Amino acid sequence: MKRVLIIGPFSPPITGVSFANDTLFDGLKGTGIKVDSINYSYPTLKENIGKFSIRKVLYYFKLYFYVYKIPLHKTVYMTPGQSFFGVLKYFPFILISKLFKKEIIIHVHGNHLWKEYENLQGNKKKIFHYILSKFDKGIVLSPKLRKNLTPFIMGGDIYEVYNFVENNILKNTSLDLIKKKNIETLNIVFLSNLMKEKGIIDFLNSLLILKKNKISFKAKVAGAIDSVSKEEINRLLNQLEENVEYIGIVSGDDKLNLLIDSNIFVFPTYYSMEGQPISILEAMATGNIILTTDHAGISDIFVNKVNGFYIKNNNPKDIALKIENLSKSLESYKDIMLNNYLEANKKYTTEKFINKIIEIIEK
């Protein structure tokens, strides 16, 4: 029996990486593979991910006592961060894995690793390269993101595995349900961690513009609020309380119903660690028109005027303009809603995600 050890963040808090690791862990168990984990999640959600702190060092140091798990497994699968410290803190596990001749796989869930490497200098750059070159295989989310691993791993050992939509959403959504979606009113949704770089401030400011222009709409905002931007986000939510409802962290049926009841999904991300947002795929699977930025690996899953429309970075006026244009004839964009549902069901299933990783492990 295959034995796989997953080292990386698991929820809570819920992030794209932790959600993917949760799904992979459960999926591998369902195939009969013996799987174990070392949870690298830091308990507090903050936008300054990858920043050095003594508190973080002490927290992660405690995890090194779990190195005894490595000799018990054939494959060690890791999802480290993309900063120097985010990679460095995994080095003891990488070193022990190599000493015990285990196959180690890195899965990069973003598009910042190559930038970090380019910006490093001197010994830090050498250390960064040394650590990452120890991996036997690498996984990125899409073709556009391969450059994150090409400085460290041979091209033939780099694989592409697209993100996925959870089974609960796909199984409880149908073409008939999408056809019956409300297109009489604007029902807008923002679903992600509420971090400035994820575009939440730009989004809320765009809604203020719509309100000023007397455009009728309802919006719901879901996700954990980043502690750094909490005060500003709450201030904007208070100004929009007649039109916008903040519903906190959602999962399961609550998330499904949120996405089914909406018709426009807005995600103005410019997040430096962004890769291929699962939330965009979930919004597609539930028949929403997508408004998002051409950032990181998004263009590998999103085609302008096919899945929705690109919006400009840091530009609330452009977001408001795109939404106002949609409001004039929402019904004429029904083809986009139906296409998104069909595309997500064809390309982005949990089974495809898990089976592809199993294939890489066994290769």
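Out of everything in segment 225-238 that is open to solvent by 20 Å² or more (accessible area, probe 1.4 Å) and part of a loop (DSSP other than H, G, I, E, B), what residue ends up being nearest to Gly248 (Cα to Cα)? Per the stated criteria, the residue is Ser227.
Once segment 167-191 is narrowed to residues that are closer than 22 Å to Tyr246 by Cβ and under 24 Å from the mean Cα position of the chain (by Cα), the residue that is surrounded by the most Cβ atoms within 10 Å (Cβ to Cβ) is Ile188.
Within segment 257-288, the set of residues being more than 14 Å from Ser192 (Cα to Cα) and in a helix (DSSP H, G or I) comprises Asn257, Ile260, Asp261, Met284, Ala285. Candidates in segment 296-320 are the residues that are of a type outside the set (Val, Ile, Thr) and closer than 18 Å to Asn263 by Cα; of these, the one that is most open to solvent (accessible area, probe 1.4 Å) is Lys305. I'm checking my understanding of the structure. Among residues of segment 1-15 that are under 19 Å from Ile106 (Cα atoms) and modelled with pLDDT under 90, which one is surrounded by the fewest Cβ atoms within 10 Å (Cβ to Cβ)? Looking at residues that are under 19 Å from Ile106 (Cα atoms) and modelled with pLDDT under 90, I get Lys2.
Would you check if Ile323 is more than 29 Å from Leu113 (Cβ to Cβ), among the β-branched types (Val, Ile, Thr), modelled with pLDDT of 95 or more and open to solvent by less than 10 Å² (accessible area, probe 1.4 Å)? Yes. Among the residues of segment 66-86, those identified as over 13 Å from Pro9 (Cα atoms) and either free of Cβ contacts under 8 Å to residues at least 12 places away in the same chain or of a type in the set (Val, Ile, Thr) (or both) are Val67, Tyr68, Ile70, Thr75, Val76.
Among residues belonging to segment 128-146 that are aliphatic (A, V, I, L, M) and assigned to a helix (DSSP H, G or I), point out the one that is nearest to Ala20 (Cα to Cα).
Leu145
Among the residues of segment 284-291, is there at least one that is open to solvent by 10 Å² or more (accessible area, probe 1.4 Å), within 23 Å of Lys144 (Cα to Cα), touching a helix residue (DSSP H, G or I) at 6+ places or on another chain (Cβ under 9 Å) and touching a residue at least 40 places away in the same chain (Cβ under 8 Å)? Checked segment 284-291: no residue is open to solvent by 10 Å² or more (accessible area, probe 1.4 Å), within 23 Å of Lys144 (Cα to Cα), touching a helix residue (DSSP H, G or I) at 6+ places or on another chain (Cβ under 9 Å) and touching a residue at least 40 places away in the same chain (Cβ under 8 Å). Just the residues that are over 16 Å from Gly30 (Cα atoms) and open to solvent by 60 Å² or more (accessible area, probe 1.4 Å), please, taken from segment 326-363. Within segment 326-363, Lys328, Glu331, Ser332, Asp335, Leu342, Lys346, Lys347, Glu362, Lys363 meet the criteria. Among the residues of segment 239-276, those that are among the polar types (S, T, N, Q) and either open to solvent by 40 Å² or more (accessible area, probe 1.4 Å) or under 20 Å from Ile301 (Cβ atoms) (or both) comprise Gln239, Ser251, Asn257, Ser262, Asn263, Thr269, Ser272, Gln276. If you go through segment 348-363 and keep only what is under 19 Å from the mean Cα position of the chain (by Cα) and assigned to a loop (DSSP other than H, G, I, E, B), you end up with just Tyr348. Residues in segment 16-45 that are open to solvent by 20 Å² or more (accessible area, probe 1.4 Å), of a type in the set (Ser, Thr, Tyr), at pLDDT below 95 and in contact with a Phe, Trp or Tyr (Cβ under 9 Å, 6 or more places away or on another chain): Tyr42 only.
Do we have Ile201 as open to solvent by 20 Å² or more (accessible area, probe 1.4 Å) and either assigned to a loop (DSSP other than H, G, I, E, B) or of a type in the set (A, V, I, L, M, F, W, C) (or both) here? The answer is no for Ile201.
The values are calculated or read from the model by the stated rules, or taken from the named source; none is laboratory data. Model, not experiment: these values are computed from the prediction. A quick note on method: Cβ atoms are made from the backbone with ideal geometry, for glycine too, and the neighbour counts reach across all protein chains shown. Each accessible area value is taken on the protein alone, full model and side chains, heavy atoms only, with ligands, DNA and RNA left out. Shrake-Rupley method; radii C 1.70, N 1.55, O 1.52, S 1.80 Å.
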